[in-house]
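Heads up, the thing below is written out as structure tokens.
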């Protein structure tokens, strides 16, 4: 019986069982309900700190991959909401379990998923888990927004050139932003350079050439520079800034005309990551860094550049797929000159940092796309040309010895637990606990090696099937090519191709 144990603990839930405890309880429960059967455990314990509001978790993704590969017979969790706190996600997950004949067991909520009433109870519990998550999230959001409206710093990484300080307000300690005079000069320099006419890409290159880095010792990327230049935290609360915020439909505090007195900086909150939605603005307690006039001038210049950037043509079959020989991603460059359209692929590193970092020149887009299509047509005729992504070299793994070692380690831990009970708080207790931790760490490492060996074993068995699957996808893509939109073609290629590198006229394609 191959049992996949999935533990998870969110960073903000200190009152829930630890990942180690969840694994232990699941194993104990499995020994009871599958008494007398040989058991093999696969532990997916890489999701500590990940929320259950969605399925973008590495441990969960590996679990589902192993379910679809036929590696598991049972998936076991300590509690239903460890899998998901979203009813739709949980329903989809359970459907995959059923499709591949995998049983689902929850230690805390004992229900039989083989019966209609058991499945109904399971879905009801999942619905309550989602309701609890949404109510908690709403309460936290309301509290954070109220703090932001009051000019408090609600946490997270401080903006460049700023620091967080604690002050007492109304008998309670709160965090506020403060300008770090030793570091803010770099931010002012970035604003000055951009206002002088330098582009965001030019700024990125300037930072590299002059050793300007983040506090973590990394060079500033274009996205980081854009975030700095668009952050209201540096802006003066001036009438000019107020007029701009009203024009762009930013959220503003009551009595904004009185509050924008040109004496302080601002705090922007409520903006969703990765969107262009405007901030809601609050008056901060910190000093301003950039005058309202200059900050607005920067925003208007970035607005013009953004409009130009987003008016590009959709083209390049391998957009988002092709890589340069240096390993960097490849971007598309399209422009019109005297009525002729020129289309190229270009190494992103060379584009941002110059030829000193990569010597790959502009690559004719049509030439590479035509070469890609020719290669697919050749593969359709000769299936042997299909190259799959290499799997690690598999050497025979002694599963019997590994299982024997697991039992030996578990026996040692059990003996140490008995000794610990007798020690009853003596000085030796801490040494016993350390030894137990070391043995438990060895068990977990052994579990990981067993899981990886099983995956490698299964990958070798399925390799022939994988070639047939890729071949079918290639044939289907070629048969329907003329009827697909550009976006559909690009998405289909992204799903098929794992690696695509152009190097001096040679195109390497790996599926």
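Hey, can you tell me all the residues within region 201-221 that are over 24 Å from residue 269 (Cβ atoms) and touching a residue at least 24 places away in the same chain (Cβ under 8 Å)?
201, 204, 205, 208, 212
Is one or more of the residues making up region 57-64 in contact (Cβ under 8 Å) with a residue 12 or more places away in the chain, touching a strand residue (DSSP E or B) at 6+ places or on another chain (Cβ under 7 Å) and more than 19 Å from residue 457 (Cβ to Cβ)?
In the first step, residues of region 57-64 are kept if they are in contact (Cβ under 8 Å) with a residue 12 or more places away in the chain; the result is 57-60, 62-64.
Restricting the remaining residues to those that are touching a strand residue (DSSP E or B) at 6+ places or on another chain (Cβ under 7 Å) gives 63.
Filter again for more than 19 Å from residue 457 (Cβ to Cβ), leaving none.
No, there is no match, as no residue in region 57-64 is in contact (Cβ under 8 Å) with a residue 12 or more places away in the chain, touching a strand residue (DSSP E or B) at 6+ places or on another chain (Cβ under 7 Å) and more than 19 Å from residue 457 (Cβ to Cβ).
Go through region 63-73 residue by residue and tally those that are surrounded by 17 or more Cβ atoms within 10 Å (Cβ to Cβ) and in contact with a helix residue (DSSP H, G or I) (Cβ under 8 Å, 6 or more places away or on another chain).
Adding up the residues that qualify gives 5.
Listed residues 47, 66; which is closer than 20 Å to residue 27 by Cα and either in a helix (DSSP H, G or I) or at pLDDT 90 or above (or both)? Break it down into steps so the answer makes sense when it comes.
Working: 47 fails: either in a helix (DSSP H, G or I) or at pLDDT 90 or above (or both).
Exactly one residue qualifies, and that residue is 66.
Any chance you could count how many residues in region 333-373 are surrounded by 12 or more Cβ atoms within 10 Å (Cβ to Cβ) and within 30 Å of residue 478 (Cβ to Cβ)?
If we filter region 333-373 for residues that are surrounded by 12 or more Cβ atoms within 10 Å (Cβ to Cβ), which is where we start, we get 333-334, 342-354, 357-358, 360, 362-373.
Among the residues that remain, those that are also within 30 Å of residue 478 (Cβ to Cβ) are: 333-334, 342-348, 360, 362-373.
Selection size over region 333-373: 22.
Mind listing whichever residues of region 419-429 are in a helix (DSSP H, G or I) and farther than 19 Å from residue 21 by Cβ? Walk me through how you get there before you give the answer.
Quick first cut of region 419-429, residues in a helix (DSSP H, G or I) only: 419-423, 429.
The answer is 419, 422, 423.
From the list 453, 492, 445, 464, exactly one residue is surrounded by fewer than 11 Cβ atoms within 10 Å (Cβ to Cβ), under 29 Å from residue 67 (Cα atoms) and at pLDDT 80 or above. Which is it? Walk me through how you get there before you give the answer.
Working: 453 fails: surrounded by fewer than 11 Cβ atoms within 10 Å (Cβ to Cβ); 492 fails: surrounded by fewer than 11 Cβ atoms within 10 Å (Cβ to Cβ); 464 fails: at pLDDT 80 or above.
Selected residue: 445, the only one of 453, 492, 445, 464 that is surrounded by fewer than 11 Cβ atoms within 10 Å (Cβ to Cβ), under 29 Å from residue 67 (Cα atoms) and at pLDDT 80 or above.
Got a sec? Which helices (runs of 4 or more DSSP H) wholly within region 255-372 have at least 3 residues that are modelled with pLDDT under 85?
Values: elements: 256-259, 292-309, 348-353.
Fully inside region 255-372 and qualifying: 292-309, 348-353.
How many residues, within region 221-255, are touching a strand residue (DSSP E or B) at 6+ places or on another chain (Cβ under 7 Å) and farther than 20 Å from residue 287 by Cβ?
Final tally of qualifying residues: 3.
How many residues does region 91-120 hold that are more than 16 Å from residue 29 (Cα to Cα), at pLDDT 80 or above and under 28 Å from the mean Cα position of the chain (by Cα)? Outline the logic, then answer.
Of region 91-120, the ones more than 16 Å from residue 29 (Cα to Cα) are 91-102, 113-120.
Of the ones still in play, those that are also at pLDDT 80 or above are 92-102.
Adding the requirement that they be under 28 Å from the mean Cα position of the chain (by Cα) leaves 92-100, 102.
Of the residues in that region, 10 qualify.
I'm told residue 60 meets every condition in (1) in a helix (DSSP H, G or I); (2) surrounded by fewer than 20 Cβ atoms within 10 Å (Cβ to Cβ) except one. Can you identify the failing condition by its number?
(2)
Do we have any residue at all in region 496-503 that's farther than 30 Å from residue 413 by Cα and part of a helix (DSSP H, G or I)?
Taking region 496-503 first, the residues farther than 30 Å from residue 413 by Cα are 496-503.
Among the residues that remain, those that are also part of a helix (DSSP H, G or I) are: 496.
Among the residues of region 496-503, at least one is farther than 30 Å from residue 413 by Cα and part of a helix (DSSP H, G or I), which makes the answer yes.
The values are calculated or read from the model by the stated rules, or taken from the named source; none is laboratory data. Model, not experiment: these values are computed from the prediction. Glycine gets a Cβ as well: all are built from the backbone with ideal geometry, and neighbour counts include every protein chain shown.
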